[in-house]
Structure formats: C-alpha cells, structure tokens
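Bear in mind that the values in this text are calculations on the coordinates, not laboratory data. This one's a predicted model, so the numbers in the text were calculated from it and none came from an experiment. All Cβ positions, even for glycine, are placed from backbone atoms using ideal geometry, and neighbour counts span all protein chains on display.
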Amino acid sequence: MSLTFTSAIQPTIGHEIMERLHLLAQYTEQDGMMTRTYLTPAHRGAAGQIAAWMRDAGMTVRRDAVGNVIGRYEGHNADASVLMTGSHFDTVRNGGIYDGLLGILLPISCIANWHKQGLRFPFPIEVAAFSEEEGVRFKAPMLGSRAIAGTFQQSVLDHVDELGITMRDAMKAADFNPLQISAAAAPRDSIAAFVEVHIEQGPVLLNENLALGVVTAIAGATRYMLELEGIAGHAGTVPMHMRHDAAMAAAEFALFVEQRCSHTPELVGTIGQWTVPNGATNVIPGRVVLSLDVRAGDDAQRLSATADITTELERICTRRGVRSTLKKTYETSSAVCADWLQQGWHASLERNGCTMRSLPSGAGHDAMAIASVAPIAMLFVRCGNGGISHNPAETMAVEDATLASDVFMDFVEHFDALNKNTV
Ligand SMILES: [Zn+2]
C-alpha cells in the first residue's frame with residue numbers, strides 16, 4: 001500500500017513510518033488478518049523487507065541463529081559499546097500492525113535521516129529486529145531478545161507447534177542452526193544501553209491527552225492455575241447452608257483478588273480463565289478451574305499481594321469445605337528502567353515541548369530480557385481506539401509517530417554512555 005500526499009502537505013518521518021508499517025502488514029499468514037508467527041513464510045518475508053530498509057538507511061545487516069535481524073550504523077569509534085534499540089517483528093494471531101514494529105521502523109527512519117546528512121556518532125547504533133517475542137507458535141516468549149541476552153533456554157527447542165513440528169526442526173528448515181544460538185549472545189559489556197520504543201498498549205496516555213510517556217519499570221508477574229473441589233449436588237434438593245459449592249468459593253476468591261489489587265495504583269490482578277468442567281444448570285458446581293495473573297512494577301508489592309491472596313484462599317476454602325490446589329505456572333521479576341536513561345527521555349521530551357509523564361509497563365517487552373545484560377529504558381507512544389492492542393483495532397496517529405521520532409533523535413544526539421549522561 002502506498003500513501004499519497006497532496007502538494008500542500010509535506011510528508012513527515014511519521015508518514016514514512018506509517019507507510020512501512022502498512023507495507024509490512026502484507027506479510028501475514030492469514031488473509032485480512034495480521035498474523036505473523038515465528039519462522040513462517042510471512043515471518044521470513046518481513047525479515048527480508050526489514051533488512052532491505054536497514055541497508056537503505058546506511059546500516060550493515062546480520063542475522064543470527066534465532067533469526068534476529070540486526071542493523072548496525074557504524075560510529076566514529078567502531079570499538080565503542082553499542083547503543084542498541086529495537087523490538088519484535090512477530091505478532092499474535094489477528095493482532096495489530098504497530099505492536100513491536102514501531103520500535104524497529106522508527107529507528108530505521110531516524111538513522112536514514114542521519115545517514116542522508118552524513119551524521120555519525122561516537123558510538124555505533126544497532127537496531128535489533130527481534131524474531132520472536134509473543135510466544136505464539138511454540139509457547140515460549142522472547143526467543144530473540146533472550147538469545148542476545150544469553151538467556152535462551154535450550155529446552156524450548158523441543159517445544160512443538162500445533163502441527164507437531166519442533167522448534168529445532170522449524171529452525172533447521174528455515175536455515176538457522178540451533179547449535180549456534182549461544183553465539184548470538186552479545187559479548188559482555190558490549191551494549192552501553194538498550195532503549196525500546198513501543199506503543200503503550202493501554203489507555204493511560206490517551207486518557208491524559210499525552211502523545212508520549214517514559215516507562216519506569218516493566219512489571220513482574222506471577223501466574224497460577226487454581227483448582228477448587230467442592231461437592232457436586234442437585235440444585236433443587238441441597239439446602240444452601242449444606243452446600244460445598246466450588247464456583248461460589250471461586251467467586252469469593254475472585255472478589256478478594258479484585259479488592260486486594262485495587263488499592264495499590266500499579267498492582268493488577270486478573271482471573272482470565274474460569275471454567276466449571278461438566279457444569280450443568282441443575283447441578284451445584286463440584287469443580288472449578290481458574291487462572292490468576294498478578295503483576296506490579298514493584299516486586300515487593302506483587303509478592304505481598306500474592307501472599308495475602310494465598311492466605312485468603314485457604315481461609316475461604318476452610319470455611320466452605322472446599323479443597324484447593326494452587327499451582328504456580330510462571331513467575332518473573334520486574335525490570336527497572338535505568339534512572340539516567342529515563343532522565344534522558346525526559347530531557348528530550350522537554351526539549352520537544354512535551355509534558356513529562358512517567359508510567360510503568362504492565363505488558364512484557366523485549367527490553368525485559370535485555371535488562372540482564374544492559375541498562376534499559378522505554379518510550380511509550382499513545383494508542384488510539386481506547387488504547388486497545390493485540391487486536392486489529394490497534395491504532396496510532398501519524399503525528400505521534402513524528403513526535404516520537406523527533407524525541408528519539410534528540411535522545412540519541414545527546415546520548416553519552418561514558419558519563420551515563422543523556423543531557
Ligand atoms: Zn510488543
């Protein structure tokens with residue numbers, strides 16, 4: 001798709017980014033939907049197009065064994081540690097076209113601008129287009145960024161997709177060598193900082209009428225599967241006081257989760273799955289299975305909440321004569337954004353006339369994986385449509401893309417890793 005411009009309107013850098021976001025959306029597995037999962041033909045096509053744009057912008061391009069596409073814009077000093085930026089180019093099924101891709105295409109357009117002017121920096125800049133972040137095809141997220149961080153878990157190579165193909169075989173079929181994954185890890189201290197530009201994927205900036213925000217931390221998360229077992233019985237014959245209704249125990253538990261997570265601003269708790277196996281209209285539920293997801297930017301807040309929730313669960317179950325089995329399925333600590341990099345974003349926002357706004361990220365991002373090897377920071381860009389994401393209705397304004405580019409360029413132009421200084 002090509003956007004046309006009337007003579008009165010000068011196309012901005014935001015227009016180029018928007019045009020490319022729409023062009024890349026053509027690389028999809030499902031017609032009329034944005035679906036691009038790891039190592040599919042659509043995924044390969046997008047990688048090729050991203051690499052071509054990187055070369056046009058004056059970068060050299062390399063691929064690593066997990067399929068990351070890394071563009072390097074050389075600096076005055078080739079030995080200086082790298083300012084790395086980037087995001088992911090896979091998507092969820094029937095997702096949006098901005099999630100991840102903005103953080104790849106925006107820096108490419110900015111670098112093309114500098115390249116045109118012959119401008120280089122004392123440090124190299126690398127744009128990492130991470131091959132996998134969403135975890136859709138093999139149920140293992142952040143494969144690309146973990147490979148660069150050196151934290152790729154070899155066990156995930158045995159994961160299979162819906163067709164029974166192992167990740168190992170899918171990699172070989174796409175000409176990537178699983179034995180070479182450890183070589184994708186960035187050498188120690190080679191990354192001076194990693195900064196990721198990403199759409200907010202939420203409604204906070206939109207509600208406050210702000211285009212951009214600086215991320216303070218990427219929330220840590222704890223996930224559980226909970227099974228409650230009461231006694232099934234006839235809905236007509238068992239008096240209320242004699243019941244051991246598993247669904248009512250679940251309801252009381254869910255309301256406690258909501259109440260416990262409502263009084264700390266950056267703490268959230270969600271019960272996203274809730275089933276009554278073999279349930280029927282005229283049967284008192286004997287068994288309920290539910291999921292619980294608790295997140296916070298501050299690990300202590302999350303751990304204190306999960307401790308309270310577990311204690312309350314025991315109390316509810318004892319009182320109701322219901323048995324509970326709580327299994328932790330996932331846990332990750334929060335990743336705090338480096339103060340000096342946050343200050344750098346704020347200074348760039350100020351120089352561009354933007355309100356300085358900080359907010360945590362409730363969603364996980366590639367920066368989280370890179371945090372184990374380099375200081376990280378993120379810039380959020382406002383979403384339209386109520387902030388919806390992972391959905392075809394995901395949107396972003398061209399003016400916001402231009403403003404984010406101006407802020408990104410300002411940030412890089414003031415970046416000084418040696419002095420941990422960006423102003
Ligand atoms: Zn994303």
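Observations
- Inter-part distance where segment 276-316 and segment 87-151 are each reduced to a Cα centre, Å: 36 Å
- Dipole size of segment 60-155 about its Cα centre, with +1 on Lys/Arg Cβ and -1 on Asp/Glu Cβ: approximately 140 debye, rounded to the nearest 20.
- 0 to 90° range, to nearest 10: angle between helix 13-24 axis and the chain longest Cα axis: 60 degrees
- Spatially proximal lysines relative to LYS139 (Cα-Cα < 30 Å; intrachain offsets below 8 disregarded): LYS172, LYS327, LYS328
- The residue among GLN259, VAL288, LEU303 whose Cα reaches farthest toward the positive pole of the charge dipole of segment 220-332, with charges on the beta-carbon of Lys, Arg, Asp and Glu, is VAL288.
- Pairs of Cα atoms farther than 14 Å apart, segment 321-398, %: 73 percent
- Relative to the 2.2 N^0.38 Å rule of thumb, segment 225-282 has a C-alpha radius of gyration ratio of 1.39.
- Separation in nanometres of the label points that stand 7 Å from Cα toward Cβ, at ASN278 and ARG357: 5.1 nm
- Per-selection metrics, segment 72-149 (Cα): Rg and Dmax in Å: 14.6, 44
- Estimated translational D of the chain in µm²/s (Stokes, Kirkwood radius over Cα pairs; 20 °C; 1.002 mPa s): 93 µm²/s
- Helix 339-351 vs. the chain, principal-axis angle (Cα, 0 to 90°, nearest 10): 60 degrees
- Dipole magnitude of the chain, debye to nearest 20 (Cβ charges: Lys/Arg +1, Asp/Glu -1, about Cα centre): 780 debye
- Counting other Cβ atoms within 10 Å as a rough exposure proxy, the listed residues HIS198, HIS263 run HIS263, HIS198 from fewest neighbours to most.
- Relative protection proxy for 345-355, 111-121, from highest mean packing down: 345-355, 111-121 (other beta-carbon atoms within 10 angstrom).
- Ordering SER291, SER262, SER87, SER389 by the number of other Cβ atoms within 10 Å of each residue's own Cβ, fewest first, gives SER262, SER291, SER389, SER87.
- As a rough guide to protection, the peptides 272-282, 65-75 ranked by mean Cβ packing within 10 Å, highest first, stand as 65-75, 272-282.
- Separation between Cα centres of segment 379-401 and segment 197-211, rounded to whole Å: 7 Å
- Only helices enter the 222 nm calculation for the chain: every DSSP H run of n ≥ 4 contributes -39,500 (n - 2.57), and dividing by all residues gives -10000 deg cm²/dmol, rounded to 500.
- The antiparallel fraction among DSSP beta bridges confined to the chain stands at about 70%.
- Mean silhouette area of segment 220-332, derived from the convex hull of its C-alpha atoms and averaged over all directions, reads 6.8 nm².
- Of SER358, VAL268, ILE388, farthest towards positive along the dipole that unit charges on Lys, Arg, Asp, Glu beta carbons give the chain: VAL268
- Dipole of segment 220-332 [Lys/Arg +1, Asp/Glu -1 at C-beta], most positive-end residue of ASN278, LEU228, THR325: ASN278
- Total charge dipole magnitude, segment 173-281, about the Cα centre, Cβ charges on Lys, Arg, Asp, Glu only, Debye to nearest 20: 200 debye
- Relative to the longest principal axis of the Cα atoms of the chain, helix 398-413 runs at roughly 70 degrees.
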